[in-house]
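Heads up, the thing below is written out as structure tokens.
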Amino acid sequence: NTEGAKAIAAAALSYARAHDAPGAAVAVVDSAGVLLYLEKLDGTFQNAAEISIGKARTAALFGKPTRAFEDIVNKGRYSMLALPSVAPFTPLMGGVPIEINHHIAGAVGVSGAASATQDDEISTAAATQFVAQQATRAAQVTHIPATKVAEAFRADATLVTEPGFRVN
């Protein structure tokens, strides 16, 4: 969602600033490659935004980091560059899928840092941070089956007790 996309972009730009990236454009897309959020640092070259979108879309639609495609092309498989425009394809380092519960939820793409390696480093750091935050949130959720809730309701029983609160 937009809130998650903004959090990923904020993490990427914070990492970029902390690691002396001269500029960076960050794009976050959903699992279908649709742009959710785009932000760039002042001074980033003009086409960085479009390139970051392409990297994010490629990572989301193919379900793997774009560094894998750059590596394939660099090893001589130039036919990868001829993929149809129906599947946006940007085989440049800096696109990383966001995987939650073994499903691609979207991707982040970064362009405009000091190097392709730094683009990749920034996008990987942002994706890793976001996924870790989601795992922490999921661990904080207590699921109570409906049958147990119904039984507790009939018996006026306590379902959950934690420091500072109780659920009856």
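Computed values, structure above
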{"item": "Region 80-103, residues that are in contact with a strand residue (DSSP E or B) (Cβ under 8 Å, 6 or more places away or on another chain) and at pLDDT 95 or above", "result": "94, 95, 96, 97, 98"}
{"item": "Among (1) surrounded by fewer than 17 Cβ atoms within 10 Å (Cβ to Cβ); (2) farther than 15 Å from residue 130 by Cα, the one test that residue 49 misses", "result": "(1)"}
{"item": "Residue within region 82-89 that is within 23 Å of the chain's Cα centre (by Cα) and buried (at least 21 other Cβ atoms within 10 Å of the Cβ) present", "result": "no"}
{"item": "Residue ranges of strands (runs of 3 or more DSSP E) in region 69-168 with at least 1 members without any contact (Cβ under 8 Å) to a residue 12 or more places away in the chain and either among the hydrophobic types (A, V, I, L, M, F, W, C) or over 20 Å from residue 38 (Cα atoms) (or both)", "result": "160-162, 165-167"}
{"item": "Unmet criterion (only one of (1) of a type in the set (Lys, Arg); (2) more than 13 Å from the chain's Cα centre (by Cα); (3) open to solvent by less than 80 Å² (accessible area, probe 1.4 Å)) for residue 55", "result": "(2)"}
{"item": "Residue within region 21-31 that is in a loop (DSSP other than H, G, I, E, B), modelled with pLDDT of 95 or more and surrounded by fewer than 19 Cβ atoms within 10 Å (Cβ to Cβ) present", "result": "yes"}
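The values are calculated or read from the model by the stated rules, or taken from the named source; none is laboratory data. Owing to the predicted nature of the structure, the values given are computational and were not obtained by experimental measurement. Because the Cβ atoms are built from the backbone with ideal geometry, glycine has one as well, and the counts that use them run over all protein chains shown. With ligands, DNA and RNA removed, areas are computed over all heavy atoms of the protein, side chains included. Shrake-Rupley method; radii C 1.70, N 1.55, O 1.52, S 1.80 Å.
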